[in-house]
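Heads up: the structure comes next, in structure tokens.
The values are calculated or read from the model by the stated rules, or taken from the named source; none is laboratory data. The structure presented is a predicted model; accordingly, all values stated were derived computationally and were not measured. For neighbour counting, all protein chains shown are included, and Cβ atoms are generated from backbone atoms with ideal geometry for every residue, glycine included.
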Amino acid sequence: MKIKLLGIDLAKNVFQLCALNQANKVVYNRTVRRARLSSTIAKLEPTTIAMEACSSAHYWGRTFEAMGHKVLLVPAQHVTPFVRGGKSDARDALAICEAAQRPGLHPVPIKSIEQQDIQLLHRLRQRQVQHSTALANQIRSLGREYGVIFPAGIRVLIKQLPEALEDGSNELSPVARYALADQLRCLIEVRQAMKAFLLQIEQLAGQHPAYVNLLPLPGIGSMVASAYIAAIGNGNQFKCGRQVSAWLGLVPRQYGTGGQIQLMGISKSGDRYLRTLMIHGARAAITRGLKNNPELAQWVQPIIDRQGFNKAVVALANKMTRISWVIVTTGEAFDMKQAFKPVA
């Protein structure tokens, strides 16, 4: 019997396969071990395979597409409402099949190896950033127990800590001096690893044709540009820039009833990491670049006066997200005067 749709509930070792025929009847709903999954799918005639966009989904998506199948990666939040009864692998696989057939579904595009490489480096660097912050905070707190105070800023801490260790007039004990010296060594190594990851990110992202065109945008540096490329690829899965902003959660949430619609704060859906980078970049562009960027100042200052600084930051992040989509999809160069021209 010809299979119309195959839903796969991904896991570590045991996968659940739910197959539907042309009448949307369940042909089978069974488990397959990891070692047999590729061979099982290879025996099928070309069909549509649906999976949740979760761990290993992009790998299996590329594998199944190479076999001639059409792959749909369904966002996990769209699958949950279709799970009937208690949770089980069989019900989850059936829910994936039902969610994949909903009209207007916006599937997750399968990432290329290049995109995953950039994203991998971003994740590893982010972990090092968190580790660096934790080490610095711990060093400061331990130093305060001995009456040694370090100001804010990791660079200042790295500079002043050796001086404190050499100062015999403070109350640092030999044990504390040894321990803090070891933590300083760890902190320096983590900071060096961060720089190495950033260099690799810039080298990989530099191979993408849109990377150089994204760098001149206000608030878009190498980190934001590379993360943007890793997240959306060529951007063809979106019809317009506003869809990218909505996907990132940079548009207001809507609450409507009885014909009345209320706009609330940003939805904060989608890629949290990229949204954070976009907002931080926009904040830096406003706080540091208005004096040297009259076009940006002319656009953003009325928003600050009318809505406040934080909303102006989000508005700029929203605008940069949309412009970035145009640059990625069309290959156009950024024009500051065109982007921030006064509204007639």
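Taking Val175 as the residue in question, decide whether it is closer than 13 Å to Ser324 by Cα and not assigned by TED's automatic domain parsing to the domain that holds Val71. Here the answer is no, as Val175 does not meet what is asked.
Being more than 20 Å from Ala134 (Cβ to Cβ), among the hydrophobic types (A, V, I, L, M, F, W, C) and touching a helix residue (DSSP H, G or I) at 6+ places or on another chain (Cβ under 8 Å) is the filter here, so list the residues in segment 166-183 that pass it. Once the filter is applied, which keeps residues that are more than 20 Å from Ala134 (Cβ to Cβ), among the hydrophobic types (A, V, I, L, M, F, W, C) and touching a helix residue (DSSP H, G or I) at 6+ places or on another chain (Cβ under 8 Å), segment 166-183 yields only Leu172. Hey, does segment 311-318 have a residue that's surrounded by fewer than 19 Cβ atoms within 10 Å (Cβ to Cβ), assigned to a helix (DSSP H, G or I), among the aliphatic types (A, V, I, L, M) and in contact (Cβ under 8 Å) with a residue 12 or more places away in the chain? The answer is yes, given that some residue of segment 311-318 is surrounded by fewer than 19 Cβ atoms within 10 Å (Cβ to Cβ), assigned to a helix (DSSP H, G or I), among the aliphatic types (A, V, I, L, M) and in contact (Cβ under 8 Å) with a residue 12 or more places away in the chain. Do we find a residue being of a type in the set (S, T, N, Q), under 26 Å from Gln237 (Cα atoms) and touching a strand residue (DSSP E or B) at 6+ places or on another chain (Cβ under 6 Å) anywhere in segment 48-57? Looking for residues that are of a type in the set (S, T, N, Q), under 26 Å from Gln237 (Cα atoms) and touching a strand residue (DSSP E or B) at 6+ places or on another chain (Cβ under 6 Å), one finds at least one in segment 48-57, hence yes.
Of Val314, Val326, all but one fail to be under 16 Å from Arg242 (Cβ atoms) and either in contact with a strand residue (DSSP E or B) (Cβ under 7 Å, 6 or more places away or on another chain) or outside the structural domain of Arg253 (by TED's automatic domain parsing) (or both); the exception is Val314. Restricting segment 27-46 to residues that are hydrophobic (A, V, I, L, M, F, W, C) and in contact with a strand residue (DSSP E or B) (Cβ under 6 Å, 6 or more places away or on another chain), the residue that is nearest to Arg102 (Cα to Cα) is Val27.
Being over 16 Å from Cys186 (Cα atoms) and among the charged types (D, E, K, R) is the filter here, so list the residues in segment 138-161 that pass it. Answer for segment 138-161, where residues must be over 16 Å from Cys186 (Cα atoms) and among the charged types (D, E, K, R): Arg144, Glu145.
Looking across segment 172-196, just one residue is among the charged types (D, E, K, R), within 14 Å of Leu157 (Cα to Cα) and touching a residue at least 12 places away in the same chain (Cβ under 8 Å), and that is Arg191. Candidates Gly281, Gly249, Gly259: the one that is at positive phi and touching a residue at least 24 places away in the same chain (Cβ under 8 Å) is Gly249.
Those helices (runs of 4 or more DSSP H) of segment 27-137 in which 3 or more residues are out of contact with any Pro (no Cβ under 7 Å at 6 or more places or on another chain), of a type in the set (D, E, K, R) and exposed (fewer than 14 other Cβ atoms within 10 Å of the Cβ) are absent. Within segment 1-26, if we keep just the residues that are among the small types (Gly, Ala, Ser) and part of a loop (DSSP other than H, G, I, E, B), the residue that is farthest from Phe64 (Cα to Cα) turns out to be Ala23. Taking every residue in segment 159-171 that is surrounded by 11 or more Cβ atoms within 10 Å (Cβ to Cβ) and pairing it with any residue that is hydroxyl-bearing (Ser, Thr, Tyr), at least 6 positions away or on another chain, the pairs with Cβ-Cβ distances below 7 Å are Asn170/Tyr146.
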